[in-house]
């Protein structure tokens with residue numbers, strides 16, 4: 001199958017792109033051939049044809065395996081997206097024929113995994129039990145490369161400042177309050193200001209382009225200056241929660257984390273006089289890629305769960321609100 005026609009390069013073929021991606025993901029021609037179920041010479045021939053037709057060196061071959069030139073890396077990103085979009089198109093056509101199968105890959109920010117996800121999965125399974133789900137418990141900034149290449153269908157989280165609206169569709173569905181969390185019985189439990197916590201170590205999570213904005217929101221705008229050496233960056237929610245619970249570290253989190261069943265009673269949100277920004281939980285997808293029926297159903301179940309939790313009485317109703325405006329540009333945990 002021919003994919004595209006260039007004015008100066010030759011026509012790319014589907015089997016060539018499959019060989020390119022398989023070689024990248026397995027690290028060798030032999031392993032790529034095994035994955036694709038074809039002979040090793042066939043993979044080698046497809047790669048050489050691709051380089052010849054594009055008139056560019058794409059691969060660096062060595063006794064230890066394959067690596068990619070800059071040209072090869074650029075083409076690899078497009079190849080992955082093309083193959084993933086073809087897979088999604090086939091699955092969507094199958095769903096429209098009444099075959100409720102396929103695959104849905106979703107990146108989910110950690111607090112949503114703990115609080116909303118169980119209800120979402122139960123509802124989704126009732127409607128589409130045959131769809132293969134792949135879930136990543138991950139901050140949006142970490143999952144973004146997978147979304148960009150088409151390996152992931154949807155991210156549920158807070159967009160980082162670098163997420164362009166020209167590339168990504170970003171829809172806020174829920175607004176949540178944030179605050180400073182410490183372990184129960186922390187030495188500074190009675191502290192009433194961020195200024196009383198500046199001599200503590202801080203566990204923070206931020207996108208590469210979001211550090212300054214987070215520092216501004218949590219510290220600088222309240223007249224506080226934190227020694228950068230006090231900051232420990234953690235890209236794992238489980239690691240962050242474990243460190244906060246078992247040490248004297250402070251962290252900035254969605255307040256709902258402190259009343260989640262898994263952590264309730266083990267951590268607390270400090271009653272500080274400073275107020276911190278509310279953040280938006282958003283649905284993030286590739287702007288120019290149609291949403292599959294499976295993704296639409298997952299979103300429907302998520303919105304229903306979010307509305308149900310926002311309507312709950314007690315602490316839940318004070319910490320979660322159905323979003324009614326565009327997403328904030330903050331880059332904190334979420």
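Laboratory data are not the source of any read-out in this text; all were calculated from the coordinates shown. All of these numbers come straight from a predicted model, not from anything done at the bench. Don't worry about glycine lacking a Cβ; one is built from the backbone with ideal geometry, like all the others, and counts go over all protein chains shown.
Using a simple spin-label model with pseudo-atoms 7 Å out from Cα toward Cβ, residue 227 and residue 211 lie 1.7 nm apart.
Computed over region 70-165, the convex hull of the alpha-carbon atoms projects to a mean area of 7.3 nm².
Pairwise Cα separations in region 2-82 fall into 10 Å bins from 0 onward with the following percentages, short to long: 20, 58, 21, 1. Is the shape of region 251-290 rounded, prolate or oblate, going by the alpha carbon gyration tensor and its root eigenvalues a ≥ b ≥ c, with a/c under 1.5 for rounded and a/b larger than b/c for prolate? Because a/c hits 1.5 or more and a/b fails to exceed b/c, region 251-290 counts as oblate. Computed from the Cβ-Cβ distance with R0 of 25 Å, the FRET efficiency linking residue 97 to residue 296 stands at 0.90. Every helix of 4 or more DSSP H residues in the chain counts as -39500 (n - 2.57), and over all residues that averages to -12000 deg cm²/dmol at 222 nm. Cα axis of helix 70-96 to longest principal axis of the chain: angle in degrees, 0 to 90, nearest 10? Here the helix axis deviates by roughly 80 degrees. Against the chain, whose longest principal axis comes from its Cα atoms, helix 293-310 is set at around 0 degrees. Just how many % of Cα pairs in region 180-239 lie over 12 Å apart, if you round to the nearest whole percent? That fraction is 72 percent. The distance from the alpha carbon centre of region 279-301 to that of region 115-179 is 7 Å, rounded to a whole number. Its residue count N sets the reference 2.2 N^0.38 Å, and the alpha-carbon radius of gyration of the chain equals 1.17 times that reference.
At a threshold of 8 angstrom on Cα-Cα distance, excluding pairs fewer than six apart, so keeping six or more, what relative contact order does region 101-334 reach in percent? Please report the intermediate quantities before stating the final value.
Values: 447 pairs, mean separation 80.9, N = 234.
With pairs under 8 Å counted, the relative contact order is 35 percent.
The slack in the chain from residue 260 to residue 69, taken as 0.36 nm per residue of separation less the alpha-carbon distance, amounts to 64.0 nm.
A full extension of the chain between residue 304 and residue 247 corresponds to an added length of 16.8 nm, given 0.36 nm per residue minus the alpha carbon distance. Taking the longest Cα principal axis of the chain as reference, the axis of helix 40-54 is set at about 90 degrees. Label-to-label distance, residue 188 versus residue 322, with points set 7 angstrom from Cα along the beta-carbon direction: 3.8 nm. If all Cα-Cα distances of region 164-302 are sorted into 10 Å bins from 0 onward, what percent lands in each bin, rounded to whole numbers? Calculated P(r), rounded to whole percents: 10, 36, 31, 16, 6, 0.
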